[in-house]
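Notes follow once the structure below has been shown.
Values quoted throughout were computed directly from the atomic coordinates according to the rules given, and no laboratory measurement underlies them. Quantities reported herein were computed from a predicted structural model and do not represent experimental measurements. Glycine also receives a Cβ, built like all others from the backbone with ideal geometry; neighbour counts cover every protein chain displayed.
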Amino acid sequence: MLSLDRFAQQKLSEIAQKHLLRELKTTAPTEGTHVIRNGKPCLSFSSNDYFGLSQHPTVKKAAIEAINTYGTGAGASRMVTGNHPLYSALETKLAHAKQKDASLVFGSGYMANLGAITALVGKGDVVIADKLVHACMIDGAQLSGARLLRFSHNNIDACRKLLQTHRQNYRHCLILTETVFSMDGDFAPIENLAALSVEYDSWLLADDAHGLGIAPSIKSPSLVYTGTLSKGLGSYGGYIAAAKSVIDYFANTARSFIFTTGLPPSAIAAATAALELITNIPSLPQQALSNAKYFSQLMKLPEAQSPIVPLVTGSPEKTMQLSQALEERGFLVSAIRPPTVPRGTSRLRFTFSSLHGKSDIEDVVKQLRQCDVWN
Ligand SMILES: *Cc1c(COP(=O)(O)O)cnc(C)c1O
């Protein structure tokens, strides 16, 4: 029998041979866009804290006050005693931001997607997902027991074809997409997908993890939004926004909502303060977007639609070498490899923050052009 240790070693060496081994690196954030990696300050283009709100004085103050008032942990699941008074203000604001009647906060975006999908579909139903949707939606679809079909990225016609062929064979049908795609930074054709879902008596779930403050919210009766408190809001947690009855149904049935402890009060208070800032200061998200646009212009890439800009390099090996070369020069840009993205599309994923300055962007472009691997 293979010992546990040998089993793990063998698996790891297989992963390493494909240049896909991942390791945890300690990274300490600072106020602003620098992080300390291996004791060295680096300018980061790798954070999803797009508007710098995890370090914003107003957001920090809200979190600290929540700890002083309610303590550090929720103490129980929300259905028991973990539903502390800060939840309802956040849920009202999230619903409003997403143009829905109600919202429900989950432990994370991952759990929100898992909970929503498994509550909406099961055996005898079908899920039709964009090829590039996030792993947590695929996990949700698989866990649900529904049949899973995929359509090529943002291809409305391909989605329609699947609906034409398969819709009538299943009880319920759920279409999955993202408002802003996490690894490509492009927008889904939400209006068209929503219309298609109505036409084919289906539901649409759009993951807004990267869209808050960036992608407009649309109104559609068949649409459910999921999202996270952990990216643009600089906190931790996830949510679903939908019609009131749908939200009540999730609260009663989503297992990733029921069987887990509520979030710490500080996480909720921080997210609430951050959402207020994004809503009241539209120039905050706009700045992250214009920084991304400036980068795409300098790099002669298609104009950025969101703060996420991929630079596809192809092989995982080249991507890792570029990321390492940039890190040696003091710039942190994540190397994204399979299985996070499809094979052959390994990339550097640049994310821009409202806090980056023009010169930061000019510097990283200059350094990139000087890397041997790039040329
Ligand atoms: C990050 C992300 C998630 C997961 O959200 P967490 O709050 O980090 O669990 C879900 N969907 C997409 C598209 C994401 O990018």
Task: Ranked packing of 202-209, 259-266, 83-90, most packed first, by mean Cβ within 10 Å - done: 202-209, 259-266, 83-90
TODO: Sum -39500 (n - 2.57) across every DSSP H segment of at least 4 residues in the chain, then divide by the residue count to get the 222 nm mean residue ellipticity, nearest 500.
DONE: -13000 deg cm²/dmol
- [ ] Show the residues, 5+ positions off or on another chain, whose built amide H is closer than 5 Å to the amide H of E178.
- [x] D207
Task: C-alpha center-to-center spacing [the range 218-289, the range 116-185] in angstrom - done: 21
Task: Distance violations [Cα-Cα > 29 Å] among K131/K300; K93/K161; K93/K300; K60/K366; K11/K123; K231/K293 - done: K93/K161; K93/K300; K60/K366; K11/K123
Task: Contour minus Cα-Cα distance for K300 and E23 (0.36 nm per residue) - done: 96.5 nm
Open item on the list: Cut-off is 10 Å between beta-carbons; in what order do S353, S359 appear when sorted fewest neighbours first?
Closed with: S359, S353
Task: Dipole magnitude of the range 125-205, debye to nearest 20 (Cβ charges: Lys/Arg +1, Asp/Glu -1, about Cα centre) - done: 360
- [ ] Give the shape of the range 210-260 as rounded, prolate or oblate, defined through the alpha-carbon gyration tensor: a ≥ b ≥ c are the square roots of its eigenvalues, a/c under 1.5 means rounded, and otherwise the shape is prolate if a/b is larger than b/c and oblate if not.
- [x] oblate
Task: Where GluC sites (Glu not before Pro) in DSSP loops with at most 10 other Cβ within 10 Å are excluded, longest remaining stretch of the chain - done: 24-302
Open item on the list: Per 0.36 nm of contour for each residue apart, how much would the distance between L4 and D372 grow if the chain were fully extended, relative to their Cα-Cα spacing?
Closed with: 128.4 nm
Task: Those lysines that a straight Cα-Cα span of less than 19 Å connects to K25, excepting residues fewer than 8 apart in one chain - done: K40
Open item on the list: How far apart, in nanometres, would the label points at R329 and T261 be if each is projected 7 angstrom from Cα along the Cα-to-Cβ direction?
Closed with: 4.4
Open item on the list: Cut-off is 10 Å between beta-carbons; in what order do S245, S144 appear when sorted fewest neighbours first?
Closed with: S245, S144
Task: the chain, relative contact order [Cα under 8 Å, separation at least 6], % - done: 23
TODO: Give me the number: length gained by fully extending S152 to Y249, i.e. 0.36 nm times residue separation minus the C-alpha to C-alpha distance, one decimal in nm.
DONE: 31.8 nm
Task: Projected area averaged over orientations for the chain, convex hull of C-alpha atoms, nm² - done: 20.5
